[in-house]
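Peer 1: Next up is a structure, given as structure tokens.
The values are calculated or read from the model by the stated rules, or taken from the named source; none is laboratory data. Everything numeric in this text was worked out from a predicted model, so none of it was measured. Cβ atoms come from the backbone with ideal geometry, glycine included; neighbour counts cover every protein chain shown. What goes into the accessible areas is simple: the full protein's heavy atoms, side chains included, and nothing from ligands, DNA or RNA. Shrake-Rupley method; radii C 1.70, N 1.55, O 1.52, S 1.80 Å.
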Amino acid sequence: MKLKSRFLGACILAAAVASTPDRASACSVSVPEPGLSIWEIDNPPEMLYTAKGGVFALFGGLYDVELAEAAALVDVALTLDGEALATEIEVLRLGPALREGEPSWTVAVVVRPVEPLQAGVYEVRVGNADGEATFPLTVEAEPVAALAPPTADVVDPLESTIGYRGRVCCESQLTSSCGETERCTFTEIDKVPALYVETSSLPRTQAASALVWVQRLDAAGQPDPDGRFAYPARHDVSWTIDFTAAQAEYCVVLGVTNLVDGTSVSGAPQCLSRAEAGEPHVVTEEPTEEQIESWECVGPLEYDDGTPFGEEPPAEKSGCRVGGDGASWAWLFVLAGLGSRRRRR
């Protein structure tokens, strides 16, 4: 899928770099501007659906803007047979996004008609600083049904890379396309256990007015306050949830929130044992002689503190974090359709 928006495009780029790094310095090709980006503006759906009396949600990214100010950055017009209907806009945070510095979030832009929607085909026009798009909205004759929590179609163990340490560099006689001559790599890779979770789909008339979410549980089986990640339920959703500390069991809970009245329901924990999912560890990966030779170094290969490569560098207090928790990746997996080993549970 092609994504042009300033914020979302930058996030996909950042995630792609983080997921398959060459661990060499690279020039930036996209810098997000403060604002609210809407996925559907650059990727208009053929048709949105909702139920009688329901709402509908768009997906976006919010960068360097306070949540309370976000609704003013998007305009949504809803019409039926040429007659405009009044709406209210609410922007809800879904999860932190892969941007450093200023606050960055994936968000749901919830469109609430002032008068309950009736069965029929409406026209939606949505616009912001990036442009505008128009697409149809079908309102089904049946009302929004009571929601049931999604089930997990797949719960698989994964090993997730969360950071790199022990950088070694040399000055090269080669110049990259970014104009750089320094060549670098990392010698230690921080790995943690993760759960890859795919959820079942909700019925169409329920999904349009709902958010589906995953809640990470800590070692005591309690909800991790930083570990809840949500996504509009009209999409098929998958998550990769990192666990940065060893636990006897790694567990998540799946749930759904009704956007009409704000109520939520959740299912039983989905768990894998430490024997199945592993525990945090560090992988050592030093550059090979062939790799060093290909860099054509004109200076010594050294750690950042000047220690020559091959000698023991001082211990580092922390690694450099290159990836986010599950929510930062959740929508990337949805858009890119990434898969993994599957085990039915």
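Peer 1: Be a star and scan region 262-283 for residues whose amide nitrogen sits under 17 Å from the point 7 Å along the Cα-to-Cβ vector of ALA248.
Peer 2: 269-279
Peer 1: Kindly write out, for region 134-150 in residue order, the coupling ³J(HN,Hα) from the Karplus curve 6.51 cos²θ - 1.76 cosθ + 1.60 (θ = phi - 60°), rounded to whole Hz, with x marking Gly and Pro.
Peer 2: With coefficients 6.51, -1.76 and 1.60, one gets 10, 7, x, 10, 9, 9, 6, 6, 7, x, 4, 8, 4, 7, 10, x, x Hz.
Peer 1: Follow-up. Over the alpha carbons of region 52-199, what is the largest minus smallest coordinate on each principal axis, giving the biggest first in Å?
Peer 2: Answer, in whole Å and largest first: 67, 38, 26 Å.
Peer 1: Stretched out fully, how many nm does the piece from ARG93 to ASP304 gain, at 0.36 nm a residue minus the Cα gap? Present the calculation step by step, with values, prior to reporting the outcome.
Peer 2: On the way: separation 211, 0.36 × 211 = 75.96 nm, distance 3.77 nm.
So the chain would gain 72.2 nm between ARG93 and ASP304.
Peer 1: How many Å² of accessible area per residue for region 140-270, probe 1.4 Å?
Peer 2: 39 Å²
Peer 1: Stick to Cα atoms and the Kirkwood definition of Rh, then tell me Rg/Rh for region 222-308.
Peer 2: 1.23
Peer 1: Now for a separate question. Which far-off residues, 5 or more places away or on another chain, put their amide H under 5 Å from the one on PHE56, with H placed in the peptide plane?
Peer 2: Amide H neighbours of PHE56: VAL111.
Peer 1: Along each of the three principal axes of the Cα atoms of region 61-125, give the extent in whole Å, ordering the values from largest to smallest.
Peer 2: 46, 18, 16
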